[in-house]
Structures are given as C-alpha cells and as structure tokens.
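Student: Handing you a structure now.
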Amino acid sequence: MKGNIDSSAGIDISGLSFSDIRVMTNTFSGKSIGERRNKKFIPRLGVLTKIGDIEVDVWCGLAEELIIRAGEEELLENLILYVKNLPWTHRDSKKEQRVRALQLHTSRIFDNPAWVSFIPFNEKWRPEALIGIDIIEITQSCCQMPGKVTKQQLEHYTDKIFCPHCGILTKYQFTNTALEENKPDAVVQITLDF
C-alpha cells in the first residue's frame, strides 16, 4: 500500500478496479504552517483504499472516471437519489451526499443481497438484479405488515432483522407456515418476468 495520494498524477486509471479504490475507512490528518500567532492548521480529508490514503476530491475523481468507464452513470445518479432520501443525510451538502453515493457505488453495495436496502433499491432501479435471488416474506413485530427480505439478510442476522417498512431492528416471523418449520425447500422464490 502506498502512502498519501494527493493528486491523480501517476495513477494508472486503466489498471484500476472498483475494489482497488473501495473505501476501507475515512482518514483525517493535517499540517501546521507558520509560527506562534501566525500558525495555521490545514486539514486533509482522505479515504484509505487498497492503493493508499487518497485525498477525498482526488478519490471522487478516480471513482467517477471508473463509473464512466463502466457506463454506470445512471446507476450513480440513482444512488445519489437513494442517499438523498435517507433520513440521516437530509442535512448533508450535495457534495457529501455525492461522496457517500460514490462510496456505496465503489463498494458495489447494490450487488450484495445482504444489504438492508437490496430489495427496495433494485426493485426501483435494477429489477434484473433480483432474478435468481431468494426472497422471503416475513412479518415483523413493529409494523405487523408482510415485507420482503433476502435469504442472505436472514443469514446475516440472528433473531432480529431490519423492517422493510420502518427500518427498525425487530423480531420477525415467516408469513409462510412451512418456513417456520425450517424446511430449506420452503424458501419463497419470486420470479420476475420481463
């Protein structure tokens, strides 16, 4: 892994993949310039990736170049809309929302059936991604309404799961009584026709 990367100069974009720039964690550092009363602190925001600690604006440029190369600009715009509508991002600036969407995009979150928003996001913008995915109908103690989750989401959590309606982590029960008996062949397979 390299050190700090503060410029895209010297980075061979043609050899980069999404996994190379997937964010492992955000970083913060800075440097002081000047002396005594004239001392100033210059902050540096970055993201730690496989290729090094990349300054945020440089990282955004790399991520956007990879997205363009992959022809996934529309998918990025859909992720930005998704992030914008999250209850905890309503006060974020447009730039912060875009960075968050770029982080989701480079992590390929929309391809992960264990992601809590896998079904609603893909139903709305990528229905073909749901083909072949085991979708199970459950009812939760909070809303008492049937909702859909993936088999991977159920495997990821133990006795509680995030409600598809309100988002609260609560206990659930299967709406199909055969599933309550833990019969593996009782998984509800929803097939989409196009």
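Student: Condition test on ARG91, is it more than 19 Å from PHE110 (Cβ to Cβ), surrounded by 13 or more Cβ atoms within 10 Å (Cβ to Cβ) and at pLDDT below 95? Step through it out loud before you land on a result.
Tutor: Working: more than 19 Å from PHE110 (Cβ to Cβ): yes; surrounded by 13 or more Cβ atoms within 10 Å (Cβ to Cβ): no; at pLDDT below 95: yes.
In short, no.
Student: Which one is surrounded by the fewest Cβ atoms within 10 Å (Cβ to Cβ), of the residues in segment 132-173 that are at pLDDT 85 or above and of a type in the set (Phe, Trp, Tyr)?
Tutor: PHE162
Student: If the Cβ limit is 7 Å and pairs must be 6+ apart or interchain, which residue in segment 2-29 that is at negative phi pairs with which residue that is basic (Lys, Arg) and assigned to a strand (DSSP E or B)?
Tutor: Filtered contacts from segment 2-29: SER29/ARG44.
Student: Out of everything in segment 1-47 that is within 25 Å of GLU65 (Cβ to Cβ) and of a type in the set (Ser, Thr, Tyr), what residue ends up being surrounded by the fewest Cβ atoms within 10 Å (Cβ to Cβ)?
Tutor: Going through the qualifying residues, I end up with SER14.
Student: Now a separate question. Pick out the one residue from ALA114, ALA101, ALA129 that is of a type outside the set (Ser, Thr, Tyr), without any contact (Cβ under 8 Å) to a residue 40 or more places away in the chain and within 25 Å of ILE168 (Cβ to Cβ).
Tutor: ALA101
Student: While we're here: Any idea which of (1) more than 30 Å from ASN26 (Cα to Cα); (2) in contact (Cβ under 8 Å) with a residue 40 or more places away in the chain; (3) out of contact with any Lys or Arg (no Cβ under 7 Å at 6 or more places or on another chain) is the one THR139 doesn't satisfy?
Tutor: Here THR139 meets the rest and fails (2).
Student: Still on this structure, I have one more. Just the residues that are touching a residue at least 12 places away in the same chain (Cβ under 8 Å) and either farther than 30 Å from CYS166 by Cβ or hydroxyl-bearing (Ser, Thr, Tyr) (or both), please, taken from segment 71-97.
Tutor: Residues satisfying the conditions are GLU72, TYR82.
Student: So is THR106 of a type in the set (S, T, N, Q), farther than 22 Å from ASN122 by Cβ and touching a residue at least 24 places away in the same chain (Cβ under 8 Å) or not?
Tutor: Details: of a type in the set (S, T, N, Q): yes; farther than 22 Å from ASN122 by Cβ: no; touching a residue at least 24 places away in the same chain (Cβ under 8 Å): yes.
So THR106 fails the test.
Student: Any idea which of VAL99, VAL58 is touching a Ser or Thr at 6+ places or on another chain (Cβ under 7 Å) and buried (at least 16 other Cβ atoms within 10 Å of the Cβ)?
Tutor: Numbers: VAL99 fails: touching a Ser or Thr at 6+ places or on another chain (Cβ under 7 Å).
It is VAL58.
The values are calculated or read from the model by the stated rules, or taken from the named source; none is laboratory data. Here the structure is a predicted model, which is why all the values come from computation and not from measurement. Glycine gets a Cβ as well: all are built from the backbone with ideal geometry, and neighbour counts include every protein chain shown.
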